[in-house]
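> Below you will find the structure I want to go over with you.
What follows draws every value from the coordinates through simple rules; no lab data is involved. The shown structure was predicted, so the numbers you read here are calculated from the model rather than taken from an experiment. Cβ placement follows ideal geometry from the backbone for every residue including glycine, while neighbour counts extend to all protein chains displayed.
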Amino acid sequence: MPTSTIRTPRFFQLHRIDDAALADEAAAGLLQPAAQVPPKFFYDALGSRLFDAITELAEYYPTRTEAAIFAAHGAAIAASALRSVGPAPLMIDLGAADCAKAARLFPLLQPGRYVAVDISVEFLRQAMGCLQREHPQMDLTGVGLDFSARLQLAEEITGPGAALVFYPGSSIGNFAPADALRLLREARALSHGGALLIGVDTIKDAGTLEAAYDDALGVTAAFNLNLLMHLNRLLGADFDVRQWQHVARFDAAASRIEMHLEARQDLLVSWPGRQRRFAAGERIHTENSYKWTPQGFGELLRHAGFGQVGHWTDERGWFAVFMASG
């Protein structure tokens, strides 16, 4: 009997890690009047593992709540998507990580092609190798891209035709509203008349939100403090994590959780050629996570140019999965 051909994933590295440029970016943030460091500096090897642990915590509801929405409404979500993109669609997965969230939808969507986008293509190689063995005939492509600045893929990667752009996990919350609008417009262009399927964390009581970012076991605190260890390696700095504490608070006026690292005492941090004094109580702003009402995010999608917008939520309304097309 003839043996069926097993495809091999393609890979494109569009983002090159430049340690010198990253060091300059981190140093510039530390030297701002109000010190800040972008959240991408969380994700060294240990930081990535700590974030995986965060998603398993009792307080961290987004991951399991989004999964429950897909479990309860997956057939309706898939039907809505396929009306916009047609059968055997191209699926473009933003921030794909281990590709697991997209793969759980494969039985419903039956994509003909799958493009996984993450900041480093090397992170995708093992996951996509396993995925290819499970789906030997599917056309798989991995793309290393930092789309926080711009989301654009050449037709060489995506091919022609409509696509389903998939952005789960509420990562859109890391973007300020103006930047989120820009990204949504770019996602609409990338879909080529198809659709966007996106997860969004909703506004709820401050206690629930703050517990999700400041858990009782201190895993999120370790995740935040590990950023200092990353900066020590990247900059040659001398941060002492014992001199800092994790702070997470909900800013109701801005509808966002803010994470900070707060100096426990007056201290001096040095790295080659530069230094920064921090007074006791002074903070480094490390992350924002914006929360939306379903109505507000629907309006944002319409401002981005989508003509048809629908969503599904859990029973408590703690999370929403949006489908936008047109």
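> Calculate one ³J(HN,Hα) per residue across the range 217-228 by plugging θ = phi - 60° into the Karplus curve 6.51 cos²θ - 1.76 cosθ + 1.60, and present them in order as whole Hz with x for glycine and proline.
Along the range 217-228, the couplings run 6, x, 5, 5, 4, 5, 4, 5, 5, 4, 4, 5 Hz.
> Moving on to the next point. Calculate for the chain the 222 nm mean residue ellipticity that helices alone would give, adding -39,500 (n - 2.57) per DSSP H run of length 4 or more and normalising by residue count, nearest 500 deg cm²/dmol. List each step's numbers first, then the result.
On the way: 10 runs with 123 residues, N = 326.
One gets -12000 deg cm²/dmol as the mean residue ellipticity at 222 nm.
> Let me ask another. Once you have a ≥ b ≥ c as the square roots of the Cα gyration tensor eigenvalues for the range 122-164, tell me rounded if a/c is under 1.5, and otherwise prolate or oblate according to whether a/b is larger than b/c.
Because a/c hits 1.5 or more and a/b fails to exceed b/c, the range 122-164 counts as oblate.
> Then there's this: Mind checking which of LEU57, ILE69, LEU22 is farthest towards the positive end of the range 8-72's charge dipole, using Cβ charges of +1 (Lys, Arg) and -1 (Asp, Glu) about the Cα centre?
Of the options given, the answer is ILE69.
> Let me ask something else about it. If you fit an axis through the alpha-carbon atoms of helix 62-85 and take the longest principal axis of the Cα set of the chain, what angle between them do you get, 0 to 90°, nearest 10?
40
> With the crude spin-label approximation of a point 7 Å out along Cα→Cβ, what separation in nm comes out for THR208 versus VAL241?
According to this spin-label approximation, the distance is 3.1 nm.
> Continuing with the same structure: With both bridge residues required to lie in the chain, what share of the DSSP beta bridges run antiparallel, to the nearest 5%?
The antiparallel proportion sits near 55 percent.
> Does the range 43-115 classify as rounded, prolate or oblate by the C-alpha gyration tensor (a ≥ b ≥ c root eigenvalues; a/c under 1.5 gives rounded; else a/b over b/c gives prolate, otherwise oblate)?
It comes out oblate by the Cα gyration axes.
> Return ILE77, ILE203 ranked ascending by Cβ neighbour count within 10 Å, so the fewest neighbours appear first.
ILE203, ILE77
> Here is a further query. As a footprinting exposure proxy, order ILE6, ILE119, ILE172 by other Cβ within 10 Å, with the fewest listed first. Kindly include the intermediate steps, with their values, before the conclusion.
Working: ILE6 10, ILE119 18, ILE172 25.
By the 10 Å Cβ count, ascending, the order reads ILE6, ILE119, ILE172.
> Mind pulling the angle between the C-alpha long axis of helix 294-303 and the longest principal axis of the chain? Nearest 10 degrees, somewhere in 0 to 90.
The angle comes out at about 70 degrees.
> Could you give the size of the charge dipole of the range 1-137 about its Cα centre, using +1 on the Cβ of each K and R and -1 on the Cβ of each D and E, expressed in debye and rounded to the nearest 20?
Value, rounded to 20: 740 debye.
> Taking θ = phi - 60°, what integer Hz values does the Karplus form 6.51 cos²θ - 1.76 cosθ + 1.60 yield along the range 121-134, in sequence order, with x for Gly and Pro?
Residue by residue, the range 121-134 yields 5, 4, 5, 7, 4, 5, 4, 6, x, 5, 4, 5, 5, 6 Hz.
> Shifting gears a bit: Loop-only check: which chymotrypsin sites (Phe, Trp or Tyr not before Pro) in the range 127-214 are DSSP coil with at most 16 other Cβ within 10 angstrom? Mind showing how you got there, number by number?
Working: sites: PHE147, PHE166, PHE175, TYR213; in loops: PHE147, PHE175, TYR213.
Of the chymotrypsin sites (Phe, Trp or Tyr not before Pro), not one in the loops of the range 127-214 has a Cβ with at most 16 other Cβ atoms within 10 Å.
> Can you find, among ALA263, LEU181, ILE157, the residue sitting farthest towards the positive end of the charge dipole of the chain, where Lys and Arg contribute +1 and Asp and Glu -1 at Cβ?
About the Cα centre, the residue reaching furthest to the positive side is ILE157.
> Further question on the same structure: Treat every Asp and Glu Cβ in the chain as -1 and every Lys and Arg Cβ as +1, leave all other atoms uncharged, and give the resulting dipole magnitude about the Cα centre to the nearest 20 debye.
620
> A further question on this structure: Would you mind classifying the range 1-69 by shape? Square roots of the alpha carbon gyration tensor eigenvalues, ordered a ≥ b ≥ c; an a/c under 1.5 is rounded, otherwise it is prolate if a/b is larger than b/c and oblate if not. Show your work: numbers first, answer last.
Values: a/c = 3.60, a/b = 1.41, b/c = 2.56.
Oblate is the answer for the range 1-69, as a/c is 1.5 or above yet b/c matches or exceeds a/b.
> Here's another thing I want to ask about it. Take GLU315, GLU186, GLU122 and order them by how many other Cβ atoms sit within 10 Å, fewest up front. Can you show the working numbers first?
Numbers: GLU315 9, GLU186 17, GLU122 13.
Ascending Cβ contact count within 10 Å gives the list GLU315, GLU122, GLU186.
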